[in-house]
Structures are given as structure tokens and as C-alpha cells.
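The values are calculated or read from the model by the stated rules, or taken from the named source; none is laboratory data. All of these numbers come straight from a predicted model, not from anything done at the bench. Note that we place each Cβ from the backbone using ideal geometry, even for glycine, and neighbour counts take in every protein chain shown.
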Amino acid sequence: MDETDNRLVAKGAVGIFAMLVSCFALWGLLNNMTDNLVPSFQKIFMTSQSTAGYVQISFYGAYSVIALLASFLIQRAGYRVGVLAGLGVYVVGALLYVPACIMQSFWTYIVGIFIVAGGCAVLETTCNPYVLALGDESTAVRRLNFAQMFNPLGSFAGIILAQQLILSHLNPATAEQRLAMPPEELANVVHGELFWVCVPYVGLCAIAAAIWLFFFMSKPTAVDRPEADPTPVGEVIGILFRSPRWYCGVVAQVFYVGVQIAAWTWMNVYCQKELGVSAEKGASYYLVALCLFIACRWICTFLMKWFNPAKMMAVFAVCAILSGLGVMYLKSDVLFTVGSMPFSANVLCLCSMSGFMSLMFPTIYGIGLGGIDPRAHKLGAAGLIMAIVGGALLTPWMASIIDNPGFWAKLVPMFDATVHPDLHASSVSLRASFIVPVICFAVVGLYAFVFRNSTSSEKVD
């Protein structure tokens, strides 16, 4: 293998790669700020957990609609145009938050969130295969994992922004106190809270515009030009469905993204209920979990030079299952305190779960697209990004268990079933809901085991 083959990024493509990495950070930031809108809107608009969950249905549901359209766009117009379109759609959606704030309209926010997510869907559908194309196939999975390392850094920034700008400006009034307020006073409280929801999303338009200008001013390169004679869609679909690693990868990705979004969405509520902390303090546990996620992704990317990515993912999936069971069954007795943050065994398991899921998305993506006909890469990439709809499918499932545990309560009958008046959740319902992550990690582990020797883009045997 020559020197070019060993290079992580092709010569002359470093600048483009760096700007693509900034896109990975941007949508990571947006994803995790959006996760914190669920507890925020539940408090601001005084809704149930299931209704607040429409935030995630809207955000991740957009991927199932937009990703396929994005694949046709980049096939006909090229990767560069896809990046420009994604950033432009995001800006339009973010600016819609302003009238939503003025009207104090939950459903206008939902529309804005859908458009913001549409921009993210175009970016993800474009940037992931774009990164894979910026070098030799032998380093593709490692290159994508390297780019994805900056996604959780963006996520970390998103949590900080949500904590400092959104959660910290929530009025401490309970639902009962809000209902007792005069309409004008309540409207002023809600307006102040929603103003701070708008600030980070609208402010990020400046960063999106700077990246947009870079790609607008840059000249198309060989890898981002549109196909001169695109392969017929029917033929491409045939290629994909003759590749089990791809269509099984789509299924695995649905369950992985579903568990990541669902577990992170209800993490704050879980910590509030089990440890008795505030929503703002609950976000601090989210930061701890994300630090583990970032550290493990960086470490795993380094280790992939020597170890099989699929086999690493199988081991991590087993550990994640055990962590999920710990969240369900271990007690909330405080073991130690760091600063003002108490930690119990079940919350430690909740945080460690994030570390074990760290390498899953890019590894499933790399395995799913690795070794298939290059003509199918763009549509195949869209399928793997459409799988992000798992966040819209599984988050409501967890929400429904939290609101009405029913049968699932039998899994954890030894815990308290008293419903918290503000959180609309009990210890039983929250713990029982984590059967969803356990099931999801089992699916990912099965995919990793079956295709443990199928990563063609790294030496894995």
C-alpha cells in the first residue's frame, strides 16, 4: 500500500474536510439543544411528556422525509450544492423561531423544528459520503469516525448553550402556580422563556452563513461534481437490496439512533426524579454522559488502526445492555458527590451508557456502505441517514411507557409508582421505559456480530 493510500485525507482536500467537520459539529450542537427543548416545552406550555415528545417526532421525523430528496439532489447537483442547500434550509427554519416566540405557539415551533431538522438531514446525507470520498477506501471508516469525533463536541456545546441560555431562564413556577397566574403575567413569563429558546438557534445562523460562504466561493472538485450520467434509480435500488450489510445496517441504524435520542431525551427527567435535582442540574449529568461519549469515540477511533471496528461495537453493545439493566434495577442511593452533583449506581449506569454507544453510528454507517458499488453510495447514504427516523419512532415509545407504564411496570414492581406532579412520571415508569434502550442495543449487537468480518475499508481480520 503506497503513501497516498495510508493518508487519512487526500492531498488538496484538507480545507474542504475541515469545513465538513464544522458541519458535523453544527448538527451535533443542534441535535442536543433540541433534546433539551422537550423538558423545556413540557414546562413552558404545561404539556404531558408525550405531547412534548412531538419535538423529537418533528426533528427526527424530518429525516425520513428529507434525506431521500437530498440524495437525489446530490446525485444531480453534487456534494457542494447539497452542503449549500442544507445550511440554507437550516437558516430558514431557525428564523421561524422568532414568530413562534411572538405568537407563543407550540405548533409553530414544531414546524420550525421540522425545517431546521430538514437542513440537518440534507447536511448529514451529503457530508457523510462526502467525507468517505475524500481519500482512499482503505481509510474510509477511520476517516468518518475522525470526522464524527467532532459531532459530540458540537453536542457538548449544545448542552452548554441549552443549560446556560434555555434551562437557566426557565421560570421556577410550578404548573399549579402558572395556572393560578393572571393571563397577562403568565404571557410575560412564557415570552421571556421562549425568547431564550430563540437566542441560540437564531445566533447560530451567523456560523451557518460563514460555512455557506466558504462552499459558495470554493470551486467544485472531482469528488463533489454531479454524476455525468446518473445510474437509474431502479438499478441502484437493486444494488442496495442485494447487499445485506446495507439493508441490515439501515435497520441497526434505526435502533441505534432511536436509543441515543430516546435515552438522552429522558435522561434529564430521570435524574430529576431519581436524585431530586432541578432541570438545570439534570443537564449537568447530560454533560458528564457526553464527556464519556466524546472520550470513548476518540479512543475508539485511535484503536481502529489495530482492532476490528465491528467486533469493538459488539463488545460495546453488550456493555450498553448491562448499563441499561443497571438503570432499570439499581437503587438511587447516593454513593458519592462531586461538587454539588450526587451520583448513585443507576445514574452512573445511565451516564456510562453514552460511552458505550459512542462508536456505533459511524461504524454502522461505514460497514453499511463499505464494499458496495460506488454507484449506490449516494442513495445508500440517504437510506442510512433516513434511519435517523428511529429518534421519532422510539422516543414516543419511551414517552408512552413513562406516561402509561401498564404492562411494562411489571418489569420493575419493586420501585415507587407515585407520579411526580411536575414531571408527570414515576420511578416505576421511568425505569421501565429503559427496556427500550436494552432492546435497541441488542439489535445493534446482533448486527455487529453478524457482520463482524465485513468491514472492507479497514484491516479487520
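Say whether the condition of being free of Cβ contacts under 8 Å to residues at least 12 places away in the same chain, acidic (Asp, Glu) and surrounded by fewer than 23 Cβ atoms within 10 Å (Cβ to Cβ) is met by at least one residue in the range 271-282.
Within the range 271-282, not a single residue is free of Cβ contacts under 8 Å to residues at least 12 places away in the same chain, acidic (Asp, Glu) and surrounded by fewer than 23 Cβ atoms within 10 Å (Cβ to Cβ).
Output the residues belonging to the range 161-212 that are without any contact (Cβ under 8 Å) to a residue 12 or more places away in the chain, polar (S, T, N, Q) and under 30 Å from residue 18 (Cβ atoms).
164
Look at the range 375-420 and say how many of its residues are of a type in the set (Val, Ile, Thr) and modelled with pLDDT of 85 or more. I'd like the intermediate steps shown before the answer.
To start, the set of residues in the range 375-420 that are of a type in the set (Val, Ile, Thr) comprises 385, 388-389, 395, 401-402, 412, 418-419.
Still in the list and also modelled with pLDDT of 85 or more: 401-402, 412, 418.
Qualifying residue count, the range 375-420: 4.
Among the listed residues 433, 426, which satisfies the condition of being surrounded by fewer than 21 Cβ atoms within 10 Å (Cβ to Cβ), of a type in the set (Ser, Thr, Tyr) and touching a residue at least 24 places away in the same chain (Cβ under 8 Å)? Walk me through how you get there before you give the answer.
On the way: 433 fails: surrounded by fewer than 21 Cβ atoms within 10 Å (Cβ to Cβ).
That would be 426, the only listed residue that is surrounded by fewer than 21 Cβ atoms within 10 Å (Cβ to Cβ), of a type in the set (Ser, Thr, Tyr) and touching a residue at least 24 places away in the same chain (Cβ under 8 Å).
Name the residue that is surrounded by the most Cβ atoms within 10 Å (Cβ to Cβ), counting only residues in the range 318-363 that are in a loop (DSSP other than H, G, I, E, B) and more than 19 Å from the chain's Cα centre (by Cα). Lay out the reasoning, then the answer.
So the first thing to find is which residues in the range 318-363 are in a loop (DSSP other than H, G, I, E, B), and the list is 330-333, 339-340, 357-359.
Remaining after also requiring more than 19 Å from the chain's Cα centre (by Cα): 330-333, 339-340.
On the way: 330: 17, 331: 12, 332: 20, 333: 9, 339: 6, 340: 8.
Residue satisfying both the conditions and the ranking: 332.
Within the range 14-49, how many residues turn out to be in a loop (DSSP other than H, G, I, E, B) and not aliphatic (A, V, I, L, M)? Spell out the reasoning first.
Narrowing the range 14-49 to residues in a loop (DSSP other than H, G, I, E, B): 36, 45-48.
Checking the rest, the ones that are also not aliphatic (A, V, I, L, M) come to 36, 45, 47-48.
So the count comes out to 4.
Looking only at residues in the range 232-257 that are within 30 Å of residue 358 (Cβ to Cβ) and of a type outside the set (A, V, I, L, M, F, W, C), which one is surrounded by the fewest Cβ atoms within 10 Å (Cβ to Cβ)?
Of everything passing the filter in the range 232-257, 244 is surrounded by the fewest Cβ atoms within 10 Å (Cβ to Cβ).
Restricting attention to the range 403-421, which residues are surrounded by fewer than 16 Cβ atoms within 10 Å (Cβ to Cβ) and either part of a helix (DSSP H, G or I) or within 26 Å of the chain's Cα centre (by Cα) (or both)?
Selection gives 404, 406, 407, 410.
Residue 231 is checked against (1) more than 30 Å from residue 449 (Cβ to Cβ); (2) within 28 Å of the chain's Cα centre (by Cα) and fails just one. What number does that condition carry?
(2)
(1) touching a Ser or Thr at 6+ places or on another chain (Cβ under 7 Å); (2) within 24 Å of residue 391 (Cβ to Cβ): which one isn't true of residue 270, the others all being true?
Condition (1) is where residue 270 drops out.
Got at least one residue in the range 113-131 being touching a residue at least 24 places away in the same chain (Cβ under 8 Å), among the β-branched types (Val, Ile, Thr) and surrounded by fewer than 24 Cβ atoms within 10 Å (Cβ to Cβ)?
Let us first name the residues in the range 113-131 that are touching a residue at least 24 places away in the same chain (Cβ under 8 Å), namely 113-131.
With among the β-branched types (Val, Ile, Thr) added as a condition, the list becomes 113, 115-116, 122, 125-126, 131.
Narrowing further to those that are surrounded by fewer than 24 Cβ atoms within 10 Å (Cβ to Cβ): 115.
Yes, there is a match, as at least one residue in the range 113-131 is touching a residue at least 24 places away in the same chain (Cβ under 8 Å), among the β-branched types (Val, Ile, Thr) and surrounded by fewer than 24 Cβ atoms within 10 Å (Cβ to Cβ).
Residue-by-condition table, conditions (1) farther than 23 Å from residue 393 by Cα; (2) at pLDDT 85 or above:
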position	(1), (2)
1	yes, no
9	yes, no
14	yes, no
19	yes, yes
22	yes, yes
25	yes, yes
31	no, no
50	no, no
67	no, no
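Of all residues in the range 384-397, how many are over 12 Å from residue 128 (Cα atoms) and either in contact with a Leu (Cβ under 9 Å, 6 or more places away or on another chain) or among the basic types (Lys, Arg) (or both)?
Residues of the range 384-397 that are over 12 Å from residue 128 (Cα atoms), as a first pass: 386-397.
Filter once more, so that each one left must be either in contact with a Leu (Cβ under 9 Å, 6 or more places away or on another chain) or among the basic types (Lys, Arg) (or both): 386.
Within the range 384-397, residues that are over 12 Å from residue 128 (Cα atoms) and either in contact with a Leu (Cβ under 9 Å, 6 or more places away or on another chain) or among the basic types (Lys, Arg) (or both) number 1.
Going through 323, 344 one at a time, which residue ends up being hydroxyl-bearing (Ser, Thr, Tyr), in contact with a Cys (Cβ under 7 Å, 6 or more places away or on another chain), on the phi < 0 side of the Ramachandran plot and at pLDDT 90 or above? Even if it seems obvious, please write down each step before you answer.
Working: 344 fails: in contact with a Cys (Cβ under 7 Å, 6 or more places away or on another chain).
Residue meeting the stated conditions: 323.
Would you tally the residues in the range 134-150 being under 21 Å from residue 212 (Cα atoms), at pLDDT 80 or above and assigned to a helix (DSSP H, G or I)? If you could, list the steps in order and put the result at the bottom.
To start, the set of residues in the range 134-150 that are under 21 Å from residue 212 (Cα atoms) comprises 134, 147-148, 150.
Next, only the ones that are at pLDDT 80 or above stay: 134, 147, 150.
Then keep just the ones that are assigned to a helix (DSSP H, G or I); that gives 147, 150.
Residues that pass the stated criteria total 2.
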